[in-house]
Amino acid sequence: MGKKTTSEKTNNNPWERAKNQLKIAADKISLNEMLYQQLLNPDRIIEVSLPLKTQKGEIKVFSGYRVQHNNIRGPYKGGLRFHPNVDMDEVKALSFWMTMKNAVIDVPFGGGKGGITVDPKPLTEKELESLTRLFVRKIASVIGPNTDVPAPDVNTNPKIMGWIVDEYSKIVGKKTLAVVTGKPLDNGGSLGRTEATGLGGVYSLLNTLKKLGKNPKGMTVAIQGFGNVGIFLAKFLQKEGFIIVALSDSKGGLYIPNGIKDIDEVEKCKKEKGLLAGCYCIDSVCDLKNMKNLGGKSIDSEKVLTLPVDIVVPAALENSITKENAIDIKAKIILEMANGPTTSEADEILRKKNVTIIPDILANSGGVAVSYFEWYQNIHNEKWTKEEVFKKLKVKMEKSTEEVFKISKKYKCSLREAAYILALQRITKENK
Ligand code: NAD
């Protein structure tokens, strides 16, 4: 890779991009200058050091972050990411996107985000638990059910949320379930939370297709990222009659032009092998030997985005759609399930190609919608059925998608700009 120019660096820096997105939408509606400045500068930035003694006796020091971006609409709310690329600018951008997303989906939360710069895979479970608990002790004074409520994100899960509840409850001397969402079901979690982000994306996509006058049945889909979001999205899309032709994770992918039949078997195979590549399943036998019979091909993780399909779904990390590959994207619809997957330059290229982008702050807001339902159930000591949760989620996703379309028509702008305008209008209303 050659040396990056300043404009490329800016374009690929998620925080710079987030600020730029804010400016475009703020200009369009002549946002109050004081509010603009508040949103341009996070309320509070926390960086902590996390020295961990490994089971082999080595001392390793990790960095942990929590950015509380804005709480005009309610407690700061957003996930925790454990990944080697986590840094302050990434966390700032993700926290800003949470403020916007929570306003778009209309839950009474502000935005926050956090993370630890760590590759959790080589850690033992005990080490991961110690690191998580240490992080909680360092940030306990600034989080809480009415202050700041973390949740899972990349490489974090219900088990980790359970450790957070336990450690936080010890510190405050009282079982406090509502301090995080995305918890295990037997420890205050909500039915439907695990599936929520993927299912929410499906609701938003179906609504969009209705608006565009397109029939979803038989539309082909390629998905990048086969984690919590990608797995459920694939399953729910298939139920609705979409054909999932390609999937990928960080180590590679599979492409079967006639459709990947059994996503459950592929998921099982990935769990057993630790990677998706080679998971060509016929009944419960999943291996490369089946590839020919299925008419499939192994492909690189990134290639998934440029296949000849109707819909492409980035469901992994930021900056997967760039000016380098946007030109080669053949899909006419992009469902952004990851946060910040499209760089500004790529956005412009895709706009010129007339590609409809369902923006991240709308497409993946189903996760935080059900996080709100979980928090609400904890506070009111209620337990909702999965059907109730999904029904409420559907209403929220459809309503927000409708609103975004309405604004995009009114301001003659992209769905992304419309989603930001909707968020800013809602924040303005609460800013007394
Ligand atoms: P996860 O850790 O469960 O899965 C991430 C997946 O992405 C893994 O399969 C990983 O192998 C894959 N991946 C990483 N780098 C890749 C690459 N270069 N190419 C292809 N695949 C790659 O995480 P998740 O919870 O599924 O989150 C995925 C995205 O969705 C993130 O951007 C996250 O911020 C966003 N998101 C998640 C939620 C949620 O509820 N979990 C809610 C909203 C948004």
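Quick note: the coordinates plus some simple rules give every number you see, no bench work behind them. Computed from a prediction, not measured in an experiment: that's the story for all the values here. FYI the Cβ positions are ideal-geometry reconstructions off the backbone, even for glycines, and counts take in every protein chain you see.
Expressed in units of 2.2 N^0.38 Å, where N is the residue count, the Cα radius of gyration of region 342-432 is 1.31. Report ³J(HN,Hα) in whole Hz for each residue of region 217-228, in order, from the Karplus equation J = 6.51 cos²θ - 1.76 cosθ + 1.60 where θ = phi - 60°; Gly and Pro get x. These are the phi-based 3J(HN,Hα) values: 4, x, 5, 9, 9, 10, 10, 9, x, 10, x, 3 Hz.
The H on the amide N of Ile243, modeled in the peptide plane, is under 5 Å from the matching H of Gly218, Met219, Thr220, Val221, each at least 5 residues off or on a different chain. Here's the list of aspartates and glutamates a cross-link from Lys303 could span, going by alpha-carbon distance under 15 Å and ignoring same-chain residues fewer than 8 apart: Asp249, Glu324, Asp328. Each residue of region 142-148 is assigned a 3J(HN,Hα), and the resulting list reads 10, 10, x, x, 10, 10, 7 Hz, derived from the Karplus form 6.51 cos²θ - 1.76 cosθ + 1.60 (θ = phi - 60°), x at Gly and Pro.
Of Lys217/Lys386; Lys352/Lys396; Lys210/Lys396, which ones are farther than 22 Å apart at the Cα?
Distance filter (> 22 Å) returns Lys217/Lys386; Lys352/Lys396.
Stretching the chain fully between Lys239 and Asp262 yields a gain of 7.2 nm (0.36 nm per residue, less the alpha carbon separation). Considering only the Cα atoms of region 1-129, their convex hull presents on average a projected area of 10.4 nm².
Taking every alpha-carbon pair under 8 Å whose residues sit at least 6 apart, region 198-274 reaches a relative contact order of 27 percent. Can you give me the C-alpha center-to-center distance between region 94-119 and region 127-191, rounded to a whole angstrom? Comparing the Cα centres of region 94-119 and region 127-191, I get a distance of 16 Å. Cα centroid distance between region 236-270 and region 301-367, in Å? A separation of 18 Å, based on Cα centres. Taking all C-alpha pairs of region 71-136, those more than 16 Å from each other amount to 51 percent. Cross-link pairs exceeding 24 Å in C-alpha to C-alpha distance, out of Lys409/Lys429; Lys211/Lys297; Lys211/Lys261; Lys170/Lys391, comprise Lys211/Lys297; Lys211/Lys261; Lys170/Lys391. Pairs of Lys residues in region 4-93 that lie 8 or more places apart, or on two chains, and have C-alpha atoms under 18 angstrom apart add up to 6. Rounded to the nearest angstrom and listed largest first, the equivalent-ellipsoid semi-axes of the chain from its Cα gyration tensor are 31, 28, 22. By the rule of a second cysteine Cβ within less than 4.7 angstrom, the chain holds isolated cysteines at Cys413. As a rough guide to protection, the peptides 317-324, 305-312, 267-274 ranked by mean Cβ packing within 10 Å, highest first, stand as 305-312, 317-324, 267-274. Sorting 103-116, 43-56, 232-245 by average packing, meaning the other beta carbons within 10 Å per residue, from highest down gives 103-116, 232-245, 43-56. Here, region 144-281 yields an orientationally averaged convex hull projection of 10.1 nm² when only Cα atoms define the hull.
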